[in-house]
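Visitor: Please see the structure below; I have some questions.
The values are calculated or read from the model by the stated rules, or taken from the named source; none is laboratory data. Please read all numbers here as calculations on a predicted model, not as lab measurements. Here the Cβ positions follow ideal geometry from the backbone for every residue, glycine too, while neighbour counts run over all protein chains shown. Ligands, DNA and RNA are stripped out before the accessible areas are found, and what is left, the full protein with its side chains, is counted by its heavy atoms. Shrake-Rupley method; radii C 1.70, N 1.55, O 1.52, S 1.80 Å.
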Amino acid sequence: MTVPEEVRVRITGDADLIAARAEGRALAERLGFSRTDATLVATAISEIARNIVVHVGEGEIVLRAVYDEPRHGLVVVARDTGVGIRDVETALGHGYASRGGLGLGLPGARRLMDEFEVESERDKGTTITMRKWRIRDELERLRERRLRGSPPPPAGLNGR
Amino acid sequence: MPSRIVNTRAFRASYGLAFTAFLARRDEPHLRAAYELGRDAVTNELSVLDLAAAHHDALADALASADDPRAVALAAGDFLLEALSAYEMVQRGFRELHESAALERRQADLLRQLSNFLADASLALGASDSLEEMLQLVAEQARELIRAETCLVRLDLEGGRRVEAVSAAEPDTWSRLLETQMAGAVGDASLQADGERRTLNEPLTTLDGRPIGSITVSSEEFSELDAVVLVQLAQMASAAVERRRLYRNA
């Protein structure tokens, strides 16, 4: 079992936003995500970090790998201790009020990721958790087992 | 119209500069610059075709003087992915909007059908069974429209008789709902949390606003639209009950 890796990036300005993007992209690539998916991760992080910089001023982004066979996941947790989001539904792009928007920001980030949760409390802050998953197929897992030196399972058995 | 041409030219120039800078230093700040260009383009309603044209112009210039054309082309691909990701967000937003619009149309159709049925049913002068049937239909349609797990419709008739109708996805969840309903007041239009379950409640009223019952739905979560639909359902059911009462007393 692999120990989950974690990267923390404090977000106070533009340079941190870029660092968070870079870390997200790097982690995505390490986890075997495609170039396209890595770009989407960097984009989603960009939008979340931008929100922190513009609306709150300070926050933190934590990036984590999750190994949940047969899938690998990348988890991004963005925290701030700002005033909180008053109407989460609208902020997520679900309510009537958000119909006029373009689709950038939080709703944009949400659509690029597989899972997206927002917890927000007035004057306490906001925590956004978003995840992207990648299913590893039999061939990939087989290759990995061979690399690690363990024999592949005998033919005819379900290799799980 | 003229201002859009100026914008396109300005964009091409900016894109070319950022692209050249990226080729010199292929790092995250320069990738981020590509992303910001795409984001600005989307915000300023620049066509994605204009972005593609700007990209290829910049690429053509770079290839003309490149030692390693293949490496330049590959790097250009990375740059373009970043620039297009803002458009990807917007495109997914449109898809989502389209899906929810289709859902709303379906709900509007169902509501219309229910409204037609209730208008007819309330004219029935038969036994009180038809009232139970009517409420049962309301409960079932409400549950389907709102995609709730359970729906409870309760009516308090003159003379103290209470009529209830329940629709439940799973048989044993409705008893939990009844307990929740008994705990709250009839006619209390509120959103409560019951452990992991949320409930929406709307009163059924007479024409002059006197509460005569309620309609309650329970599910894991509800949207703003669900609450709106429930209000309409409650009004329809109230009107149907009232019409029926008037006809029977006539």
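Visitor: Of the residues A:42, A:78, which single one is closer than 19 Å to residue A:20 by Cβ, at pLDDT 95 or above, open to solvent by less than 20 Å² (accessible area, probe 1.4 Å) and within 14 Å of chain B (Cβ to nearest Cβ)?
Guide: Within the list A:42, A:78, the selection yields A:42.
Visitor: Another question about this same structure. When the stretch B:201-226 is examined, which residues are found to be touching a residue at least 24 places away in the same chain (Cβ under 8 Å) and in a loop (DSSP other than H, G, I, E, B)?
Guide: Across the stretch B:201-226, the qualifying residues are B:206, B:207, B:220, B:222.
Visitor: Please work out which residue is farthest from the other protein chains (Cβ to nearest Cβ), limiting yourself to the stretch A:81-95 and to residues that are out of contact with any Asp or Glu (no Cβ under 6 Å at 6 or more places or on another chain) and of a type in the set (Val, Ile, Thr).
Guide: Checked the stretch A:81-95; the qualifying residue farthest from the other protein chains (Cβ to nearest Cβ) is A:81.
Visitor: Look at residue A:100 and say whether it is open to solvent by less than 50 Å² (accessible area, probe 1.4 Å) and modelled with pLDDT under 95.
Guide: Spelling it out, it is not the case that residue A:100 is open to solvent by less than 50 Å² (accessible area, probe 1.4 Å) and modelled with pLDDT under 95.
Visitor: While we're on this one: Would you confirm, using the coordinates I've provided, whether residue B:66 is outside any helix (DSSP H, G or I) and surrounded by 12 or more Cβ atoms within 10 Å (Cβ to Cβ)?
Guide: So residue B:66 fits the description; yes.
Visitor: Does residue A:32 satisfy being open to solvent by less than 70 Å² (accessible area, probe 1.4 Å), over 24 Å from residue B:86 (Cβ atoms) and touching a residue at least 24 places away in the same chain (Cβ under 8 Å)?
Guide: It is true that residue A:32 is open to solvent by less than 70 Å² (accessible area, probe 1.4 Å), over 24 Å from residue B:86 (Cβ atoms) and touching a residue at least 24 places away in the same chain (Cβ under 8 Å).
Visitor: Quickly run through the stretch A:45-65 and pick out the residues that are open to solvent by 40 Å² or more (accessible area, probe 1.4 Å) and either at the interface with chain B (Cβ under 10 Å from one of its Cβ atoms) or touching a residue at least 24 places away in the same chain (Cβ under 8 Å) (or both).
Guide: A:50, A:51, A:53, A:55, A:56, A:58, A:60, A:64
Visitor: Quick one: count up the residues across the stretch B:221-250 that are within 14 Å of chain A (Cβ to nearest Cβ) and of a type in the set (D, E, K, R).
Guide: Final tally of qualifying residues: 3.
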